[in-house]
Amino acid sequence: MRPLTYIILHHSATDATLGAGDPEGAALWAAIKRNHQRHWAASVKGYICDYHLAVGPTGVIFTGQPLAMVAFNCGNSRLNAVSIAVCFLGNFQVTRMPPAQYAAALPLLRSLLEKHEIAVPHVILHREVPDEKTGIPGFTACPGRWFPSVAMRAALQCPGGGSPHAVMAR
Ligand SMILES: [Zn+2]
């Protein structure tokens, strides 16, 4: 198994689903995987997706690239090599995250942090990834300006927390 020391958060920068027939985003996720497979099929054997996991708008968790394989999720090969890429279906540059999606993400991220012994500061947004050549982040808006990173990080810092009560009790 390759070392897993970072979690990089993304959005799909699309609508969260393919429409009325796709309430959980499963069809959108399948389409994303097909696109990525088409892109990498010739060069990387068994390539499935640029993301290892996805969280749909109703809180369904989808799997993509196996964790043992690198997913080419950001423009920094050093971080690609050691990261777990999680994609939130939706465009948080223009919309807020549905509560069900946020609620499902917390236990998912907690279990990944615990299982792989990743430190909370190593949960980073795609736009925080430093460019490989310049070292400067910010060449993308991903996962969008409305992505609830402040609340999410506070909840992850607080073991078992995430509800307002758990935060206030501290
Ligand atoms: Zn991204």
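Checking Pro57 against (1) more than 16 Å from the ligand (Cβ to nearest atom); (2) surrounded by fewer than 18 Cβ atoms within 10 Å (Cβ to Cβ); (3) part of a loop (DSSP other than H, G, I, E, B); (4) not acidic (Asp, Glu), only one condition comes out false. Which one?
(2)
Please tell me if Asp50 is in a loop (DSSP other than H, G, I, E, B), away from the ligand (no atom under 16 Å from the Cβ) and either under 12 Å from His126 (Cβ atoms) or among the charged types (D, E, K, R) (or both). Talk me through it step by step, then tell me what you get.
On the way: in a loop (DSSP other than H, G, I, E, B): yes; away from the ligand (no atom under 16 Å from the Cβ): no; either under 12 Å from His126 (Cβ atoms) or among the charged types (D, E, K, R) (or both): yes.
No; evaluated as a whole, the condition is false for this residue.
Among the residues of segment 69-100, count how many are more than 16 Å from the ligand (Cβ to nearest atom) and part of a helix (DSSP H, G or I).
The total comes to 5.
Can you name the residue in segment 103-159 that is within 16 Å of the ligand (Cβ to nearest atom) and over 23 Å from Gly56 (Cβ atoms) and is also surrounded by the fewest Cβ atoms within 10 Å (Cβ to Cβ) among such residues?
In this case the residue turns out to be Gly138.
Can you tell me which residues in segment 1-39 are more than 23 Å from Ser149 (Cβ to Cβ) and within 16 Å of the ligand (Cβ to nearest atom)?
Just the residues of segment 1-39 that are more than 23 Å from Ser149 (Cβ to Cβ), to begin with: 1-3, 18-24, 26-27, 30-31, 33-39.
Listed by number, the residues that qualify are Lys33, Asn35, His36, His39.
What number of residues in segment 101-132 are assigned to a helix (DSSP H, G or I) and either among the aliphatic types (A, V, I, L, M) or modelled with pLDDT under 95 (or both)?
If we filter segment 101-132 for residues that are assigned to a helix (DSSP H, G or I), which is where we start, we get 101-116, 120-122, 126-128.
If we keep only those that are either among the aliphatic types (A, V, I, L, M) or modelled with pLDDT under 95 (or both) as well, we get 103-106, 108-109, 112-113, 120.
Looking only at that region, the number is 9.
Can you pull out every residue in segment 8-36 that is of a type in the set (S, T, N, Q), under 15 Å from Asn73 (Cα atoms) and not in a helix (DSSP H, G or I)? Give the steps one after another, and end with the answer.
As a first pass, look at segment 8-36 and keep what is of a type in the set (S, T, N, Q): 12, 14, 17, 35.
This time we only want the ones that are under 15 Å from Asn73 (Cα atoms), so: 12, 35.
Answer for segment 8-36, where residues must be of a type in the set (S, T, N, Q), under 15 Å from Asn73 (Cα atoms) and not in a helix (DSSP H, G or I): just Ser12.
Which condition breaks for Leu28 when tested against (1) within 26 Å of Ala119 (Cα to Cα); (2) crowded, with 19+ Cβ neighbours inside 10 Å?
Only one criterion is unmet by Leu28, namely (1).
Which residues, taken from segment 65-91, are over 19 Å from Ala31 (Cα atoms) and surrounded by 14 or more Cβ atoms within 10 Å (Cβ to Cβ)? Don't jump to the end; show me each part of the working.
Taking segment 65-91 as the starting set, the residues that turn out to be over 19 Å from Ala31 (Cα atoms) are 67-70, 74-84.
If the condition is that a residue be over 19 Å from Ala31 (Cα atoms) and surrounded by 14 or more Cβ atoms within 10 Å (Cβ to Cβ), then Leu67, Met69, Val70, Cys74, Gly75, Asn76, Leu79, Asn80, Val82, Ser83, Ile84 are the ones that fit.
Of the residues that make up segment 43-58, is at least one under 23 Å from Leu156 (Cβ atoms), touching an Asp or Glu at 6+ places or on another chain (Cβ under 6 Å) and among the β-branched types (Val, Ile, Thr)?
For segment 43-58, residues under 23 Å from Leu156 (Cβ atoms), touching an Asp or Glu at 6+ places or on another chain (Cβ under 6 Å) and among the β-branched types (Val, Ile, Thr): present.
The values are calculated or read from the model by the stated rules, or taken from the named source; none is laboratory data. On a predicted model such as this, the values are computed, not experimentally measured, just so you know. All Cβ positions, glycine included, derive from the backbone under ideal geometry; neighbour counts span all protein chains shown.
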